[in-house]
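The values are calculated or read from the model by the stated rules, or taken from the named source; none is laboratory data. Remember, it's a predicted structure, so these values are computed and weren't measured experimentally. Methodologically, a virtual Cβ is constructed for each residue, glycine included, from the backbone with ideal geometry; neighbour enumeration extends over all protein chains shown.
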Amino acid sequence: MITLSTVFLLLLTATAAVTDLRVHKIYNWTTYPGIVVAFIVNLYENGWDDGLPGHPGLKDSLLGFAACGGILLMSYVFFSVGGGDVKLIAMVGAFLGLEKGVEAVLWTFVLGFAMGVSMLIWRVGLIRLIVGTVRHVLWSLRLVSWLPLSAEERRQLQPALYLAPSAVVAVVIVCFDLVRFL
């Protein structure tokens, strides 16, 4: 059953994915109103506590917002995840609630990783990537310390990572329970 919150979530994450791909930004005009809409719609559809199974109320929506936003906030602090990604995933958590929100975050990371590795293989080449990795690991084992990467190797490992398109696919997987087909 497609709910109003699912429709809003799909529209907002798709909008964020388009802007992320086109201008490398996830705008506040997408995420901030989306968070507020998530709280209002979940309160309207399901009240304070959860309504139907799998449909978050306002309490679960707030928990999802805090948990998903917190996970990405840690990624923002310790890794190079953008602030727009943090707000987008917090919005996803606000729409989906705690359990489904964390599931969507995990799917987003898995899909983002797969996309990043695919882009790396596309740019560098599979054989060159494997040979370079094996050579680097063998030299590091021989030297008993990690061999620093060259500037060129470091540059190749710093591709732009687009989490918003991964989040759209993750939301579709979670909202329509497609994991049972995977």
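If we only count helices (runs of 4 or more DSSP H) wholly inside region 106-182, which ones have 2 or more residues that are among the β-branched types (Val, Ile, Thr) and farther than 17 Å from LEU88 by Cα?
Numbers: elements: 126-143, 151-156, 163-175.
Correct list: 126-143.
One residue is enough: does region 109-117 have a residue meeting the conditions more than 24 Å from ASP177 (Cβ to Cβ) and of a type in the set (A, V, I, L, M, F, W, C)?
Here is the first cut: in region 109-117, the residues more than 24 Å from ASP177 (Cβ to Cβ) are 116-117.
Now restrict to residues that are of a type in the set (A, V, I, L, M, F, W, C): 117.
Yes: region 109-117 contains one or more residues that are more than 24 Å from ASP177 (Cβ to Cβ) and of a type in the set (A, V, I, L, M, F, W, C).
Go through region 70-105 residue by residue and tally those that are in contact (Cβ under 8 Å) with a residue 60 or more places away in the chain and either within 14 Å of VAL168 (Cα to Cα) or in a helix (DSSP H, G or I) (or both).
So the count comes out to 14.
Checking the conditions here, which among LYS100, LYS59 is surrounded by fewer than 23 Cβ atoms within 10 Å (Cβ to Cβ), among the basic types (Lys, Arg) and touching a helix residue (DSSP H, G or I) at 6+ places or on another chain (Cβ under 6 Å)? Even if it seems obvious, please write down each step before you answer.
On the way: LYS59 fails: touching a helix residue (DSSP H, G or I) at 6+ places or on another chain (Cβ under 6 Å).
Answer to the check: LYS100.
Condition check ((1) in contact with a Ser or Thr (Cβ under 7 Å, 6 or more places away or on another chain); (2) loosely packed, with under 12 Cβ neighbours inside 10 Å; (3) at pLDDT 85 or above; (4) of a type in the set (Ser, Thr, Tyr)) across all residues:
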| position | (1), (2), (3), (4) |
| --- | --- |
| VAL131 | no, yes, yes, no |
| VAL134 | no, yes, yes, no |
| SER145 | no, yes, no, yes |
| GLU152 | no, yes, no, no |
| ARG155 | no, yes, no, no |
| GLN158 | no, yes, no, no |
| LEU163 | yes, no, yes, no |
| ASP177 | no, yes, yes, no |
| PHE181 | no, yes, yes, no |
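I'd like the full set of residues that are charged (D, E, K, R) and over 20 Å from the mean Cα position of the chain (by Cα), limited to region 6-53.
Correct list: GLU45, ASP49, ASP50.
Listed here are the residues, each with its yes/no results for (1) hydroxyl-bearing (Ser, Thr, Tyr); (2) surrounded by 21 or more Cβ atoms within 10 Å (Cβ to Cβ); (3) at pLDDT below 95.
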position	(1), (2), (3)
THR3	yes, no, yes
THR30	yes, yes, no
VAL37	no, no, no
ASN46	no, yes, yes
GLY54	no, no, yes
PHE65	no, yes, no
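Return the pairs, sorted by first residue and then second, in which the second residue is exposed (fewer than 11 other Cβ atoms within 10 Å of the Cβ), the first residue lies in region 112-127 and is farther than 12 Å from GLN156 by Cβ, the beta carbons are less than 8 Å apart, and the residues are 6+ apart or on different chains.
Correct list of pairs: empty, since none qualify.
Out of all the residues in region 13-28, which are assigned to a helix (DSSP H, G or I), surrounded by fewer than 24 Cβ atoms within 10 Å (Cβ to Cβ) and of a type outside the set (D, E, K, R)?
ALA14, THR15, ALA17, VAL18, THR19, LEU21, VAL23, ASN28
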